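The block underneath contains the structure these notes are about, expressed in structure tokens.
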Amino acid sequence: MNLSAVLHAPRDLRVEERPRPVPGPHEVLVRPGAVGICGSDVHYYEHGRIGSFVLDAPMVVGHEAAGTVVEVGPAVDPARVGELVALEPGVPDRTCEQCLAGRYNLCPQVRFFATPPVDGALAHLVAIDASFAHPVPAGLDVEQAAMAEPVSVGVWACRRAGVGPGDRVLVTGAGPVGLFAAQVARATGASAVTVTDVSPFRLEVARELGFGALDAREPLAEAFDVLLECSGAAAAFTTGCRALAPAGRAVLVGMGADTVSLDVPLLQGREITVTGTFRYAGTYPAALSLLASGRVRTDVVVTHRFPLAGTDDALTLARRDPRSLKALVLPQE
Ligand SMILES: NC(=O)c1ccc[n+]([C@@H]2O[C@H](COP(=O)([O-])OP(=O)(O)OC[C@H]3O[C@@H](n4cnc5c(N)ncnc54)[C@H](O)[C@@H]3O)[C@@H](O)[C@H]2O)c1
Ligand SMILES: [Zn+2]
């Protein structure tokens, strides 16, 4: 059997036995040691849906996972048993137009952990395509490896923005995604990274990581080459865009502001580029190497840990504790 954190309906999370997963021919069976709780898990927990994805059957939550390979399917190298791996949660079909164009994050057939109807990874055991179980470099522990998922969001945002040497980068939103994106931007060559938020605690953490940290309600005096919008607040996008220098690039990472207004004369006069990001593609090796080198730190971002039986507490942490950032569930405890 397989003890799993199963969401049955909004605010109805049960830790219960599910059948033991059997790895397919090209899959590995992994024992997750750490699973991060993401805003999307919380959203399904609170509302039972995100846009057109509706929880209409019980679903295992969690998609930020790392763990140890305990078994392999017949087509997978048995030497992988015992390997520490970070699980890339979205497995595309590999055959559609988007996959063949190398944009597998845009695959319409992608099966992504904890996105209805696909079960997530918050369980004693989970099966995944062997190519999406990325070997973790020496020196990283399972908790750091689990953070390769939100770090990947930052890697992809920096790639889409073309962050390079000398760029002045503004990150709006100092949640886990913003704090990881800011660290990736610095590691990618940004000469200065400024982070904004409205939470004093989160600004404190941004300062501890060595970033310029500003209350989002204060005016922005400087000009930036890149805006990584990681708050989901429409106001952050508007203010951030105004702070961009000519030829600036704005990337909408944050979700929540379903519409934002575009200042057309500003976009034209400064030739600003605006794009969104959808998850990531081909980022795990980079994310893991940034973590292994210490250029992306998780220690101040991971603020809370829970045993599997405490998954409910992990899912309600954000609304209960203003001094929280990333919660991890340790499924083997
Ligand atoms: N595009 C993607 O593929 C992708 C992937 C993962 C997460 N996300 C999105 O990224 C966003 C960040 O994720 P997170 O886990 O860090 O969430 P989070 O809620 O922990 O962080 C958001 C932060 O923004 C701050 N904020 C609110 N209003 C602000 C404003 N006006 N200016 C600056 N900051 C403000 C909040 O105080 C909070 O600290 C979420 O919207 C999430 O849905 C997108
Ligand atoms: Zn595809």
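Just so you know, all these numbers are worked out from the coordinates, no wet-lab data involved. Since the structure is predicted, the reported quantities are computational estimates derived from the model, not experimental observations. A quick note on method: Cβ atoms are made from the backbone with ideal geometry, for glycine too, and the neighbour counts reach across all protein chains shown.
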- Message: Per 0.36 nm of contour for each residue apart, how much would the distance between residue 94 and residue 18 grow if the chain were fully extended, relative to their Cα-Cα spacing?
- Response: 24.5 nm
- Query: Packing-wise, with mean Cβ within 10 Å as the measure, how do 33-44, 296-307 rank, highest first?
  - Reply: 33-44, 296-307
- When the helices in the chain are scored as -39500 (n - 2.57) per DSSP H run of 4 or longer and the sum is shared across all residues, what 222 nm value do you end up with, to the nearest 500 deg cm²/dmol? -7500 deg cm²/dmol
- Query: How many percent of all Cα-Cα pairs in the chain sit more than 28 Å apart?
  - Reply: 40 percent
- Item | D_trans [Stokes-Einstein, Kirkwood Rh over alpha-carbon pairs] for segment 1-64, 25 °C, 0.890 mPa s, µm² s⁻¹ | 190 µm²/s
- Message: Starting from 0.36 nm per residue, how many nanometres of slack lie between residue 292 and residue 75 once their C-alpha separation is accounted for?
- Response: 75.2 nm
- Item | Nitroxide proxy distance, nm - points 7 Å out along Cα→Cβ at residue 192 and residue 260 | 2.1 nm
- Message: Test of understanding: what is the full-extension gain from residue 223 to residue 49, defined as 0.36 nm times their sequence separation minus their Cα-Cα distance?
- Response: 58.8 nm
- Query: Roughly how many debye, to the nearest 20, is the charge dipole of the chain about its Cα centre, given +1 on each Lys and Arg Cβ, -1 on each Asp and Glu Cβ, and no other charges?
  - Reply: 460 debye
- Item | Between segment 249-293 and segment 127-161, the alpha-carbon center distance in angstrom | 19 Å
- Message: Could you list 201, 113 so that the one with the fewest beta carbons within 10 Å of its beta carbon is first and the one with the most is last?
- Response: 201, 113
- Item | Cα-based Rg / Dmax (Å) for segment 154-276 | 12.7, 38
